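Presented below is the structure to which this report refers.
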Amino acid sequence: MIKISIPGRDELQLHYLVLDMNGTVATDGQLIAGIAERVARLKDRLRVYLLTADTFGTGAQAARELGIEMVIVSSADGTTDKANFISALDPPGGAAIGNGNNDVAMFKAAHLSIAVIGREGCCAAALLNADVVVHDINDALDLLLNPLRLIATLRT
């Protein structure tokens with residue numbers, strides 16, 4: 001678990017990290033360099049999941065490389081699948097990282113949401129519904145590894 005006390009907000013108690021695949025941890029279906037090392041460090045503190053419609057067919061390989069569980073979401077209604085997945089986690093306390101329109105409902109259900117503006121871009125709705133916006137997945141993961149960065153960004 002990661003506990004983060006942010007002045008002016010309720011304390012965050014994060015138990016899970018939910019990662020979107022394409023455009024977030026992968027570009028054109030290939031994992032972005034540096035992620036595996038960071039996820040390995042986070043797995044000591046959080047249960048990490050990869051949610052994907054598996055557009056490029058590389059989700060299972062990515063999940064194996066990261067040593068995390070992959071959950072397939074519908075390519076037609078992944079928005080609902082992602083939101084339902086993070087809402088059903090028990091105990092509550094999930095962080096979500098994504099970039100797409102189908103991540104917006106997941107962002108709303110998460111206790112902490114981080115939008116990534118990577119090489120595949122980021123949906124404007126995801127930007128508007130994220131708690132934090134970064135331009136690289138490694139920066140997003142580093143926020144969780146170094147929570148003082150989140151305090152500086154999110155305090156009132």
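The values are calculated or read from the model by the stated rules, or taken from the named source; none is laboratory data. Just so you know, these numbers come straight off a predicted model, no measurement behind them. Glycine also receives a Cβ, built like all others from the backbone with ideal geometry; neighbour counts cover every protein chain displayed. Only protein heavy atoms, including side chains, enter the accessible area calculation; ligands, DNA and RNA are left aside. Shrake-Rupley method; radii C 1.70, N 1.55, O 1.52, S 1.80 Å.
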(Q) I'm told LEU128 meets every condition in (1) in contact (Cβ under 8 Å) with a residue 12 or more places away in the chain; (2) farther than 18 Å from TYR16 by Cα except one. Can you identify the failing condition by its number? (A) (1)
Q) Which of the residues spanning region 1-23 are outside any strand (DSSP E or B), of a type in the set (D, E, K, R) and in contact with a strand residue (DSSP E or B) (Cβ under 8 Å, 6 or more places away or on another chain)? A) GLU11
Q. Does region 138-155 contain at least one residue that is open to solvent by 60 Å² or more (accessible area, probe 1.4 Å), in contact with a Pro (Cβ under 7 Å, 6 or more places away or on another chain) and in contact (Cβ under 8 Å) with a residue 12 or more places away in the chain?
A. yes
Q: Give the residues of region 100-125 that are under 19 Å from ASN84 (Cβ atoms) and either polar (S, T, N, Q) or free of Cβ contacts under 8 Å to residues at least 12 places away in the same chain (or both), sorted by residue number.
A: ASN101, ASN102, SER113
Q: Keeping to region 105-127, report how many residues are part of a helix (DSSP H, G or I), surrounded by fewer than 18 Cβ atoms within 10 Å (Cβ to Cβ) and out of contact with any strand residue (DSSP E or B) (no Cβ under 9 Å at 6 or more places or on another chain).
A: 3
